[in-house]
1. Can you find a residue that is buried (at least 19 other Cβ atoms within 10 Å of the Cβ), assigned to a strand (DSSP E or B), of a type in the set (Gly, Ala, Ser) and modelled with pLDDT of 90 or more anywhere in the stretch 357-367?
2. When both residues are 6+ apart or on different chains and their Cβ atoms are under 7 Å apart, which pairs have a first residue that lies in the stretch 270-284 and is surrounded by fewer than 12 Cβ atoms within 10 Å (Cβ to Cβ), and a second that is part of a helix (DSSP H, G or I)?
3. For the subset of the stretch 437-456 comprising residues that are within 16 Å of the ligand (Cβ to nearest atom) and either without any contact (Cβ under 8 Å) to a residue 60 or more places away in the chain or not in a strand (DSSP E or B) (or both), which member is surrounded by the fewest Cβ atoms within 10 Å (Cβ to Cβ)?
4. So Gly639 clears everything in (1) open to solvent by 30 Å² or more (accessible area, probe 1.4 Å); (2) modelled with pLDDT of 90 or more; (3) of a type in the set (Gly, Ala, Ser) except one condition, right? Which one?
5. Just wondering, is there one or more residues in the stretch 538-550 that are at negative phi and touching a His at 6+ places or on another chain (Cβ under 6 Å)?
6. Residues in the stretch 805-837 that are closer than 17 Å to Gly795 by Cβ and touching a residue at least 12 places away in the same chain (Cβ under 8 Å): how many?
7. Which residues, taken from the stretch 330-340, are within 12 Å of the ligand (Cβ to nearest atom) and at pLDDT below 95?
8. Quick check on this structure: which one of Ala505, Ala483 is under 19 Å from Ala621 (Cβ atoms), outside any strand (DSSP E or B), open to solvent by 50 Å² or more (accessible area, probe 1.4 Å) and of a type in the set (A, V, I, L, M)?
Amino acid sequence: MTESTQAATRKQPDDTPFNWHANKADKALAHFKSSEQGLSSEQAADRLAEFGPNRIETSQRSGPWVRLLRQFNNILIYILIAAAVGTAFLEHWVDTFVILAVVLINASIGYVQEGKAEQALDAIRNMLSPQAVVLRNGQRQTIEADQLVPGDIVLLQAGDKVPADLRLIDTRSLRIEEAVLTGESVPVEKRTEPVATSASLGDRLSLAYSGTLVSFGRGRGVVIATGEQTEIGRISAMLSSVETISTPLLRQTAEFGRILSIIIIFLSAIIFAFGYWVRDYAAAEMFLAAVSLAVSTIPEGLPAIMTITLAIGVQKMAKRNAIIRRLPAVETLGAVTTICSDKTGTLTRNEMTVQALVTADHEYQVTGVGYAPQGSIELAGQMLEQDQLEPALAMGLKGALLCNDSWLVEKEGDWQVNGDPTEGALLAAAMKVGLDPQTEAGLCPRTDLIPFESDHKFMATLHHDHEQQGYIFIKGAPEKILAMCQQQRTQQGDLPIDVDFWHQAMEKLAERGQRVLAIAVKRVPASQLELGFNDVQDGAILLNLFGIIDPPREEAIKAVAECHQAGIRVKMITGDHAGTAKAIGLQLGIGDGQTAVTGQEIEQMDDQTLQEVVSRVDIFARTSPEHKLRLVAALQAQGHVTAMTGDGVNDAPALKRADVGISMGRKGTEASKEASEMVLADDNFASIARAVREGRTVYNNIRKSILHMLPTNAGQSLTIIFAILLAHQLPLTPVQVLWVNMVTSVTLAMALAFEPTEPGVMRRHPRRPDMPLLSGLMLWRIPFVALLLWAGTFGHFVYMDMQGVIDEYARTVAINTLVAGQIFYLFNLRYIDQHVFSMDGLFGSKAMWIAVGTLVVLQLAFTYAPFMNTLFGTTPIATEDWIRILMFGLLVFILVEMEKWVRRRYFTAA
Ligand code: ATP
């Protein structure tokens with residue numbers, strides 16, 4: 001038996017084998033005791049208790065032991081384990097014990113951190129739980145997809161992700177992309193007729209499978225399986241693609257770590273050979289020195305710190321409504337140079353209100369705001385009743401109610417739209433003269449429709465009234481509707497259309513920043529029961545135009561200004577009319593109010609011209625999704641790192657192509673979310689600007705931890721290398737080095753992970769995306785601070801040695817010197833290039849002061865607690881030593897500030 005036939009005969013919840021695809025839909029409806037009206041709420045609740053939620057547990061993650069063991073699978077840990085074995089042979093038991101303890105602590109920190117970061121990401125993923133539109137108690141409802149039960153009637157439309165396995169009962173050009181199940185990326189046209197029992201998964205045209213994407217049309221189906229019972233639930237291995245916590249920067253660092261380790265092993269071997277043969281040290285002593293060198297150079301804590309920084313950044317973004325779906329986007333966001341944004345709902349509020357109505361004879365004003373059907377239609381200040389409307393307007397408003405898939409609801413006096421806001425505005429306008437959507441739908445029921453798509457920019461519906469007359473109502477972008485009309489309705493009857501008049505009227509409304517819609521009607525024979533694109537090509541009569549306002553979001557105006565300051569170009573790509581787009585753009589600070597390029601013009605341009613245009617023009621109007629793809633490509637060809645927003649199913653290719661694809665959490669389709677790197681929970685442009693700011697912060701904070709940890713490691717290595725070259729006593733023992741690397745460095749660098757955004761971050765130009773990790777500033781600052789720390793540590797050790805103190809004493813002073821240098825340098829790092837002489841600079845970070853406080857306590861214990869003295873070979877030191885130690889710390893701080901000043905003054909900041 002093949003896999004698919006197995007599936008076909010799989011036991012259903014009641015243990016009866018069914019071939020739903022090979023039987024009529026009625027059979028499924030009857031079997032699940034459902035009907036075209038859907039289940040009742042009680043039935044649904046009972047079934048939910050019986051079958052459980054419609055969820056697939058994807059915990060294909062490795063078990064806790066495997067995860068713990070994985071922490072040891074790291075070259076740095078191998079080196080440490082080898083060092084522990086070596087010291088055990090030499091019977092340096094304390095060293096062995098401390099090194100092993102460090103290995104264990106390191107692994108547990110890694111384990112806990114990885115777990116936490118993953119939890120955080122899971123929580124964020126859960127914020128993206130899908131929804132489903134169902135019929136329950138005969139009413140359309142949007143519910144969480146995990147509440148679906150067998151027998152539910154689910155409505156599908158383009159862009160949806162199928163929420164459960166369905167037996168289709170109605171399809172309208174329904175096409176579904178089933179790549180996730182069958183690997184076939186060409187969408188399959190679905191239908192309701194049964195297919196052969198033996199049909200394979202991809203050929204079962206009468207079923208829609210959970211997890212697949214609706215790419216076109218509409219459909220309705222009854223749920224036949226939920227959760228683990230669905231096809232996708234059975235192959236849940238495919239869902240196990242749990243993203244590992246990594247980004248290009250982390251990978252770059254990991255790679256750097258690997259190279260570093262190899263260099264370290266070689267270096268340690270050379271040092272061992274040099275000491276043993278040239279300097280005649282004892283082998284045991286040289287082994288310890290080589291181990292010290294190895295452990296000192298390895299930045300053990302760095303990977304953990306970087307992961308934490310990233311996880312904190314992602315959490316902060318989520319709190320601010322930017323949900324990261326793919327981690328590398330966090331870094332890419334920081335490098336974005338151009339943001340291409342949709343207009344409606346992202347830059348504007350998506351609260352539409354009809355303000356003007358234009359017929360061939362008059363222009364009317366509509367009063368009232370929002371979706372409340374309160375207000376009136378006025379002609380020259382005169383309020384009109386329903387029976388005073390001229391024929392064109394009476395028919396236009398009726399058409400607006402009928403050619404409409406949305407509805408208005410009143411909740412505690414507040415009117416809201418369910419569905420498309422543009423359509424909501426039309427409903428409210430018609431209801432202001434007393435028209436009622438349900439009455440009209442009852443008088444003139446709908447027989448068929450062509451749904452609205454951004455591609456064709458209109459919607460059409462076919463109706464039949466009780467006198468058996470057929471009508472098609474078509475509403476949409478005026479250019480599209482005008483092209484279908486040969487006549488216009490006037491007070492003198494239907495006359496030939498005056499195209500110029502309508503164009504002027506349209507421009508006039510658009511100039512005021514209004515979105516313009518036209519509505520037309522076409523009489524058809526009563527016998528026509530289906531509607532196709534051919535039926536709306538001509539022969540329609542234009543009724544009227546609607547002018548709809550959708551004010552810009554206040555916060556978007558500010559966010560656009562902030563982006564401009566940050567060297568980021570903002571471009572508006574909208575399906576609206578060029579005039580509307582220019583006017584709204586002007587209010588938002590996008591474009592010059594004069595220039596806009598339309599989708600049609602884009603089509604005339606070759607790639608070369610488009611690249612030139614795209615760097616000049618900020619407003620693109622009357623575009624379709626495929627234009628977005630060309631625009632992203634042109635911007636990328638110009639070297640721009642591009643973020644692009646999108647919500648429709650057809651936006652998916654552009655979102656995938658963009659460096660950061662951004663989808664809309666509220667009005668976005670599942671298809672667009674799947675294709676995107678980031679989802680905006682509030683659909684708001686301002687959240688993009690905030691995410692960019694956070695992206696820059698994360699990148700900076702990761703750089704800061706590298707800038708902090710690497711000089712410490714390098715400083716220590718230098719100290720040891722010099723001691724050996726100069727045949728001097730070792731200033732740091734291996735366990736002391738581990739203390740510094742694992743305790744002091746990690747505590748301090750942890751504070752950097754929590755660093756808030758630097759004040760000037762959004763006033764700088766975006767970072768070059770190809771900038772290597774260790775570049776300019778890093779290559780300079782790391783050796784500079786390393787030398788300072790080395791000079792302090794080694795110098796102070798030699799000085800103490802000359803005072804004739806015992807080695808333990810000199811070492812304790814040397815380590816405290818190193819740690820003081822680290823602490824003071826931490827404050828320098830609050831701002832990478834700018835000086836920190838300000839209240840915010842010195843006191844602005846709580847995390848930093850907590851870290852410093854903790855470290856002071858730890859260092860005092862390290863120096864004075866007897867058990868620490870035994871473990872780490874330290875000893876109490878005197879007050880005057882502390883004074884020198886603090887002075888050194890201060891010196892490091894001042895010298896780094898001077899270095900910054902010189903760089904700012906004479907070099908460009910990196
Ligand atoms: P943006 O890209 O800025 O978000 P948009 O997505 O709202 O804009 P579209 O939805 O493609 O742009 O709308 C383009 C045009 O189609 C509108 O200007 C309007 O004339 C028309 N239109 C919008 N919604 C509908 C609808 N529900 N029915 C018919 N026509 C519509």
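1. No: zero hits.
2. Once the first residue is surrounded by fewer than 12 Cβ atoms within 10 Å (Cβ to Cβ) and sits in the stretch 270-284, its partners that are part of a helix (DSSP H, G or I) give Ala283/Tyr276.
3. Ranking the candidates gives Asp455 first.
4. Looking at each condition in turn, Gly639 falls short on (2).
5. No.
6. 17
7. none
8. Ala483
The values are calculated or read from the model by the stated rules, or taken from the named source; none is laboratory data. Bear in mind that the values here come from a model prediction, so they are computed numbers and not experimental data. In this analysis, Cβ positions are derived from the backbone assuming ideal geometry, glycine residues included, and neighbour counts consider all displayed protein chains. These area figures cover heavy atoms from the full protein model, side chains too; ligands, DNA and RNA do not enter into them. Shrake-Rupley method; radii C 1.70, N 1.55, O 1.52, S 1.80 Å.
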